[in-house]
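Right, one structure below, let's go through it.
Computed from the coordinates by the stated procedures, all read-outs in this text should not be read as laboratory data. Since the structure is predicted, the reported quantities are computational estimates derived from the model, not experimental observations. Cβ placement follows ideal geometry from the backbone for every residue including glycine, while neighbour counts extend to all protein chains displayed.
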């Protein structure tokens, strides 16, 4: 029974249509090309851009705050 | 051909390379869907949808996180489970709906009869298992997936998968033996 069950489970219970690949590919050609995969390098670049932008914002705010401090002192 | 090389070709804009992915994975995918107890037409529908979703989400696939087969079978499992749950919630589904459409293949009727009867009994027995147990069992017969990969697809631990597989096989054996008597 053990072997019977194993071979039954190992056998194909449904069959693959002969034209299955062609059928899938017909649909694939109708769909847009997937976006390029993001690598760790891409992610690192994004991280660097966001980090730099944040630093820039801090600098800008401290500059504005400096001007405000000087002008309100008088 | 190595899957990484195929994916590189696709990334460069070669759509036709996806046919290699389909050819490489259609056999294990149909095997899985058959063991899930799906009909021929449903298996075809879900297999096609699996490949189309894989294409559309190809940019989500991260080779550092999982093997391509693990990722692909996760998509197939989710689609199959949704389909089976949708069917069971409808309650209109009769046991006949899950009988394979293609039990008659090009074999002599008498030779094929016993094999087809055995398959039919197996399919009926598979339907007594829960869909998640059935899925784990169906995945276990794809040689490329080890216990860790199956556990990842099923969203549980490898030891839990081991227990589920043992329990499912025991149940199937009992059911098939009972009917042999």
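Quick notes on this one:
- Reported count of residues in the stretch B:1-45, each being surrounded by fewer than 16 Cβ atoms within 10 Å (Cβ to Cβ), assigned to a loop (DSSP other than H, G, I, E, B) and touching a helix residue (DSSP H, G or I) at 6+ places or on another chain (Cβ under 7 Å), is 1.
- Whichever residue in the stretch B:41-67 is touching a residue at least 60 places away in the same chain (Cβ under 8 Å) and either over 20 Å from residue A:43 (Cβ atoms) or under 14 Å from the mean Cα position of the chain (by Cα) (or both) and, among such residues, is farthest from the other protein chains (Cβ to nearest Cβ): B:67
A quick yes/no check of all residues on (1) buried (at least 20 other Cβ atoms within 10 Å of the Cβ); (2) in a loop (DSSP other than H, G, I, E, B):
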{"site": "B:115", "(1), (2)": "no, no"}
{"site": "B:123", "(1), (2)": "yes, no"}
{"site": "B:128", "(1), (2)": "no, yes"}
{"site": "B:149", "(1), (2)": "yes, no"}
{"site": "B:161", "(1), (2)": "yes, no"}
{"site": "B:173", "(1), (2)": "no, no"}
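- Odd one out for residue B:138, checked against (1) more than 13 Å from chain A (Cβ to nearest Cβ); (2) part of a helix (DSSP H, G or I); (3) closer than 19 Å to residue B:78 by Cβ: (1)
- Residues (surrounded by 11 or more Cβ atoms within 10 Å (Cβ to Cβ), within 8 Å of another protein chain (Cβ to nearest Cβ) and over 26 Å from residue B:50 (Cα atoms)) located in the stretch A:1-53: A:1, A:4, A:5
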